[in-house]
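Following: one structure in structure tokens, then a few remarks.
The values are calculated or read from the model by the stated rules, or taken from the named source; none is laboratory data. Because the structure is predicted, anything quoted here is derived from the model rather than measured. Counting neighbours? That spans all protein chains shown, and the Cβs are built from the backbone with ideal geometry, glycine included. Surface accessibility is based on the protein's heavy atoms, side chains included, excluding ligands, DNA and RNA. Shrake-Rupley method; radii C 1.70, N 1.55, O 1.52, S 1.80 Å.
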Amino acid sequence: MTSPDAVAALRPRLPSPLVEAADPRFARRGVRLLLKRDDLIHPRLIGNKWRKLAPNLAAAAGRTVLTFGGAYSNHLRATAAAGRLLGLPTVGVVRGDELAGGPLNPSLARCAADGMRLHFIDRSMYRRKAEPATRAAILRAAGAEDAFVIPEGGSDERAVRGCVALGEELRGTADVVAVACGTGGTLAGLAAGLAPDQRALGVPVLKGGFLADEVRALQTAAFGGPRGAWSLADGFHCGGYARVPRELEAFAYDFEQRHGLAVERLYVAKLLHALVALTEAGAFPRGTRLTAVVTGAPFTPGAREPEDTPERDRPGRDTPGPPRAGH
């Protein structure tokens, strides 16, 4: 049975390290940049994926877990990996029924190798997956009517409460804590865990301007109302989700060379790029301790940790590689 003790047996590295990154682009503005290395929590359940999945896996109590994602979803890979490590059946509902007929891409192949059963649906139905009737039809078609359902990106009230610990770990160490946002769950929990004199800053990686309402709704579901001070820095999505223009790729490569950090492109690169731009624009007063939460690492298709390798002996992060899409 998947219990809190069983989830703890996955042996996360908590609290994740906090390290300073000496960078003249921040130093000349009097800003200290620190990196919260959530990418080192677990080699397969990286960063906010651990924090969001752990409480849901405990709540699943041994039931099949069904969740949703795109063709390169980090969330699907993390759920599949957790299922393998815990002996828990998993089903991934994948956006795009046109993908069903061809070979699996490296991301979905990793999911399948970890035992996840993939169920492809058309994009129209995927957009309506939150509607009760549509969701029931999806579960029936997937043969998983009794499954424990985790939403796309893993963001629900349990996940938000799981991310509160991220803020608590950073109390007294930063003035502003910034995180890249897809579905808003990490930001919602982070803000709730910070001290009253700290604030959280979310950098949306999707366009559309919907995220503020999502964060408020998630905090209401998790806590009954708003918690903590938070804001969003829009305009750094680089054209939308999974868009990595040449300029962002060059920025990420340069950051890797400066700091020896493998930069995940779809979330972390956009976050760091936003913080450089905001700092150079004078958005943070001199003396600000600015912390960037590193929520993920680049996906290396061939990497897989052996079952019996002790956590302390496993590599902390993937080596640098080409940009990969994720969720």
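Computed values, structure above
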read-out	value
Residue count for segment 155-173, restricted to those that are of a type in the set (S, T, N, Q) and under 15 Å from the mean Cα position of the chain (by Cα)	1
Residues of segment 31-62 classified as in a loop (DSSP other than H, G, I, E, B), modelled with pLDDT of 95 or more and open to solvent by 20 Å² or more (accessible area, probe 1.4 Å), total	1
Helices (runs of 4 or more DSSP H) within segment 125-229 that include 2 or more residues farther than 28 Å from Gly96 by Cα and in contact (Cβ under 8 Å) with a residue 60 or more places away in the chain	157-169, 185-193, 211-223
So Ser107, is it free of Cβ contacts under 8 Å to residues at least 24 places away in the same chain and either polar (S, T, N, Q) or not in a loop (DSSP other than H, G, I, E, B) (or both)	no
Identity of the residue in segment 85-99, outside any loop (DSSP other than H, G, I, E, B) and either modelled with pLDDT of 95 or more or β-branched (Val, Ile, Thr) (or both), that ends up surrounded by the fewest Cβ atoms within 10 Å (Cβ to Cβ)	Arg95
Any hit, segment 83-102, residues being closer than 24 Å to Ala262 by Cα and hydrophobic (A, V, I, L, M, F, W, C)	no
Selected residue [surrounded by 19 or more Cβ atoms within 10 Å (Cβ to Cβ), in contact (Cβ under 8 Å) with a residue 60 or more places away in the chain and not hydrophobic (A, V, I, L, M, F, W, C)] from Glu264, Glu249	Glu264
Matching residues in segment 121-140 - criterion: being open to solvent by 60 Å² or more (accessible area, probe 1.4 Å) and closer than 15 Å to Thr64 by Cα	Arg140
Among (1) touching a residue at least 40 places away in the same chain (Cβ under 8 Å); (2) farther than 18 Å from Tyr267 by Cβ, the one test that Thr79 misses	(2)
Looking only at segment 151-175, and only at residues there that are of a type in the set (A, V, I, L, M) and open to solvent by 10 Å² or more (accessible area, probe 1.4 Å), the one that is nearest to Gly225 (Cα to Cα)	Val164
